[in-house]
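This report concerns only the one structure given below.
Each value in this text was obtained by applying a stated rule to the coordinates, not by laboratory testing. Being a predicted model, the structure only gives us computed values, none of them experimental. Counting neighbours? That spans all protein chains shown, and the Cβs are built from the backbone with ideal geometry, glycine included.
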Amino acid sequence: MENIYYCLISGVLAFCLCCIEILYGKYKFNHLLVMKKPRYMLWYSFIYGTLAYLLTLLVINGSLTINNYHPKDNPLLVSFCIGIVIKALAKMSFFNITIQNRTFPVGPKLVFIYLDDFLLKRLNDDIDNQLIEHIKRVSKKLSKVGTLTHQDDFFDEAMPTNFSRITRQSYMKEIISLKKSFDKCRHFTSKFGYTRLLLIEKHVDSE
């Protein structure tokens, strides 16, 4: 029963780290949208958490010895280490085989490459679908406020304040070159994320 406790520590740690990686790493600008539809993030994290759980169980209950060190003698350390590095372990390959000029890794990497691709693509599709809806809504509001120059002022106001003048002008030049509200919003959102798009909407609504 005590070993199960250590395995759970490893699994929960791996699960949490995967969620953090997605929310504040890969989708740091759009993490609010991930939280609205977290299903693929949860599946992604659950798979790595389960792998960490099973691998910890195997190591603790096994007779593995590394230079006279027995991992099962310190199960808490094992659980933390596996929970932290599980993604690296999942991407290991024992050797590669080449078939018709295509190279395939033999090992866990072969499975997890396709698994990651499947889940992360669908997560990205979920986020894109949500973004398109919000971009359409904000662009319609923008198109009613007046000239393109007036619209550009809203983008300038919503831009991060820590930019240098040159950096700010460079981004604004890209936005000004676009002639449709939808294109402006989509470009701005791709650079600065969902929360900045909502800031533009707030400014427009208060106009």
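For the pair residue 118 and residue 84, label points projected 7 Å from Cα toward Cβ lie 3.1 nm apart.
Per DSSP H run of at least 4 residues, take -39500 (n - 2.57); add these up for the chain, divide by its residues and hand me the 222 nm value, nearest 500 deg cm²/dmol. Display every interim value, and only then the final one.
Working: 9 runs with 148 residues, N = 207.
Per the formula, -24000 deg cm²/dmol.
Relative to the present Cα-Cα distance, how much length would full extension add between residue 128 and residue 24 at 0.36 nm per residue of separation? Before the final figure, lay out the partial values.
Numbers: separation 104, 0.36 × 104 = 37.44 nm, distance 1.72 nm.
Once the chain is fully extended between residue 128 and residue 24, it gains 35.7 nm.
Farthest toward the positive end of the dipole of the chain, out of 84, 198, 50, is the Cα of 198, where the dipole comes from beta carbon charges about the Cα centre.
Of all the C-alpha pairs in the stretch 114-207, what % are more than 18 Å from each other?
Working: 2022 of 4371 pairs.
That tail contains 46 percent of the Cα-Cα pairs.
At a 10 angstrom cut-off on C-beta neighbours, averaged per residue, how do the peptides 149-155, 124-130 rank from highest to lowest?
On the way: 149-155: 17.1, 124-130: 14.6.
So the order, starting with the most tightly packed, is 149-155, 124-130.
The stretch 1-49: percent of C-alpha pairs farther apart than 14 Å? Tail of P(r) above 14 Å: 52 percent of Cα pairs. Sorting the segments 6-15, 110-119, 43-52 by their residues' average number of neighbouring beta-carbon atoms within 10 angstrom, most packed first, yields 6-15, 43-52, 110-119.
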